[in-house]
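Heads up: the structure comes next, in structure tokens.
The values are calculated or read from the model by the stated rules, or taken from the named source; none is laboratory data. Everything quoted here is computed from the prediction, not taken from an experiment. Here Cβ is always computed from backbone atoms with ideal geometry, including for glycine, and neighbour counts include all displayed protein chains. Heads up: the accessible areas ignore ligands, DNA and RNA and are worked out on the full protein's heavy atoms, side chains in. Shrake-Rupley method; radii C 1.70, N 1.55, O 1.52, S 1.80 Å.
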Protein chains: 2
Amino acid sequence: MGIIRKTESVELLLKEFHDTETALSTIELIKRLGKRINKTTIYRVLSKLEEDGVLHSFLGFDGVKWFARCKSHTQVQISDIHPHFQCISCGKTECLDIKVDIPKLVNREVLLSQFIIKGKCNLCVA
Amino acid sequence: MGIIRKTESVELLLKEFHDTETALSTIELIKRLGKRINKTTIYRVLSKLEEDGVLHSFLGFDGVKWFARCKSHTQVQISDIHPHFQCISCGKTECLDIKVDIPKLVNREVLLSQFIIKGKCNLCVA
DNA sequence: CTTATATTTGCAACTTAGTTGTAATAACTA
DNA sequence: TAGTTATTACAACTAAGTTGCAAATATAAG
């Protein structure tokens, strides 16, 4: 069950994602909004937005959950899978607009996959 | 600084990995060995074995750390990257012997990548 | 506009994976 | 065998995320 009511929490969170092209970690969102929204609410709204296909999530190398806007605004499909890039210098984490081939696995059913790349982003590589 | 002394903890942990083809989570290892080895020691030995290139690690979809034997027994190189498969039914998690093409990213330096696939394994797909 | 009701929120307490500091123990070296 | 130094256990801690519940509030109905 996703978002049903337009509340302040929902609007504040959506605004954060509208104001950026990159992914945002739960930690960062709690840092930014924790004084106005309780962290429990932040977690709950994020997962509802994910259910609604507004956001998608993935785990960073540190095991922290990250969220980013979905371009297609529909429930994430296996075919939508794109890699994510995490910069070790500035921390910026973003979706890569690249198609990844999920290997065909005989005798196995593939339900979800996650491809994450760690390195230095365009600004930090210098 | 990796493993320097052959201690009982090291041998017990290595035995677990020798007795299986699959990956093992820290949680599982603590369950199995927690009465004989303190969990702190388990964490420390595992990370030393990783430094030594005996094991490599990755994060499962739940954010829990998994370890598996390295085939090459050398420090993990970017080029060694292979995907991991995690079964949602039985929990079995294993290395896939498949080569993954890491996309070339202009203006970015790639240091590490992780590709994990979730689904049903050969035994659970039926 | 007011009321009813069901969703949403805040709070506090909890869970769990993993880490840190330190004193005691044990493996290796000379 | 003694000395050095890595390793271990223990307890206390950290940090991300979860749960239960009472209070607050968005929305629909009247």
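Structural remarks
- Rounded to 5, the percent of DSSP beta bridges in chain B classed as antiparallel: 70 percent
- Accessible area of chain A belonging to carbon and sulfur atoms, whole % at 1.4 Å probe: 50 percent
- Peptide B:113-126 - average C-beta neighbours from other chains (10 Å radius): 6
- Chains B and A together, accessible area buried on both sides, 1.4 angstrom probe, square angstrom: 2600 Å²
- For the protein assembly as shown, the residue among A:Leu29, A:Thr40, B:Ala68 whose Cα projects farthest onto the positive side of the dipole built from Cβ charges is A:Thr40.
- Shortest-first distances to equivalent copies, position B:Gly53, nm, label 7 Å out along Cβ: 4.8
- Each copy carries a label point for A:Leu96 at 7 Å from Cα toward Cβ; from one copy, the others' points are 1.6 nm away, ordered from shortest.
- Nearby aspartates and glutamates by direct alpha-carbon distance to B:Lys99 (threshold 14 angstrom, same-chain neighbours under 8 apart not counted): A:Asp101, B:Asp80
- Burial ranking of peptide ranges B:7-18, A:43-54 (average Cβ count within 10 Å, highest at the top): A:43-54, B:7-18
- Using the Cβ-Cβ distance between A:Cys90 and B:Lys71 with R0 set to 51 Å, the FRET efficiency works out to roughly 0.90.
- For chain B, the per residue solvent-accessible surface stands at 58 Å², with DNA, RNA and ligands left out and a 1.4 Å probe.
- Number of partner chain Cβ atoms within 10 Å, mean per residue of B:93-104: 2
- Reduced Cα scattering model of the protein assembly as shown, Debye log10 I(q)/I(0), q = 0.09, 0.11 Å⁻¹: -0.46, -0.69
- Here chain A was treated as a single set of alpha-carbon atoms; its pair distances binned every 5 Å from 0 give 2, 10, 19, 22, 19, 14, 8, 4, 2, 0 percent.
- At 7 Å out from Cα toward Cβ: A:Arg36 inter-copy label distances (nm, ascending): 5.6
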